[in-house]
Amino acid sequence: VTVEFSSLGASITKLLLPNGNEEKNDEEQSTDDCVLGFETPTQAIETKNPVFFGTIVGRVANRIANSKFHLMQPSSSLSEEEEENNNN
């Protein structure tokens, strides 16, 4: 398994996984890249990566609007440590 990261938004740019095919060279295993995304960081910047391909933390990046979320119960509240950043 091989993983490559970009410092642009902490995104995964390559994830090589074994595909089960044998190569001629016994030392190298045949792999496939399993990451959906862009060929270059420039493409991600130009399109503003609207679907967040390859991102690790996503759009919210630890910022939850109004410090509340819903998950299998009516509502959960969080501490408002950085109030000005929790209203996105």
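The values are calculated or read from the model by the stated rules, or taken from the named source; none is laboratory data. Please read all numbers here as calculations on a predicted model, not as lab measurements. No Cβ is skipped: glycine too gets one built from the backbone with ideal geometry, and neighbour counts run over all protein chains shown. The accessibility values were calculated without ligands, DNA or RNA, using every heavy atom of the protein model including side chains. Shrake-Rupley method; radii C 1.70, N 1.55, O 1.52, S 1.80 Å.
Yes or no: Val3 in a loop (DSSP other than H, G, I, E, B) and either among the polar types (S, T, N, Q) or at pLDDT 80 or above (or both)?
Criteria not met by Val3.
List every residue pair whose Cβ atoms lie under 6 Å apart, where the two residues are 6 or more positions apart in sequence or sit on different chains, the first residue falls within the stretch 35-47 and is touching a residue at least 12 places away in the same chain (Cβ under 8 Å) and over 16 Å from Ser7 (Cβ atoms), and the second residue, located anywhere, is open to solvent by 70 Å² or more (accessible area, probe 1.4 Å) and of a type outside the set (Lys, Arg).
That search, which allows pairs on different chains as well, returns Leu36/Phe53.
Quick one: in the stretch 15-34, which of the residues that are at pLDDT 90 or above and either among the acidic types (Asp, Glu) or touching a helix residue (DSSP H, G or I) at 6+ places or on another chain (Cβ under 6 Å) (or both) is nearest to Phe5 (Cα to Cα)?
Checked the stretch 15-34; the qualifying residue nearest to Phe5 (Cα to Cα) is Asp33.
Can you tell me which residue in the stretch 36-82 is modelled with the highest pLDDT, limited to those that are charged (D, E, K, R) and either surrounded by 10 or more Cβ atoms within 10 Å (Cβ to Cβ) or in contact with a Pro (Cβ under 8 Å, 6 or more places away or on another chain) (or both)?
To start, the set of residues in the stretch 36-82 that are charged (D, E, K, R) comprises 39, 46, 48, 59, 63, 68, 80-82.
Keeping just the survivors that are either surrounded by 10 or more Cβ atoms within 10 Å (Cβ to Cβ) or in contact with a Pro (Cβ under 8 Å, 6 or more places away or on another chain) (or both) gives 46, 59, 63, 68, 80, 82.
Details: Glu46: 90, Arg59: 58, Arg63: 67, Lys68: 73, Glu80: 67, Glu82: 59.
Residue satisfying both the conditions and the ranking: Glu46.
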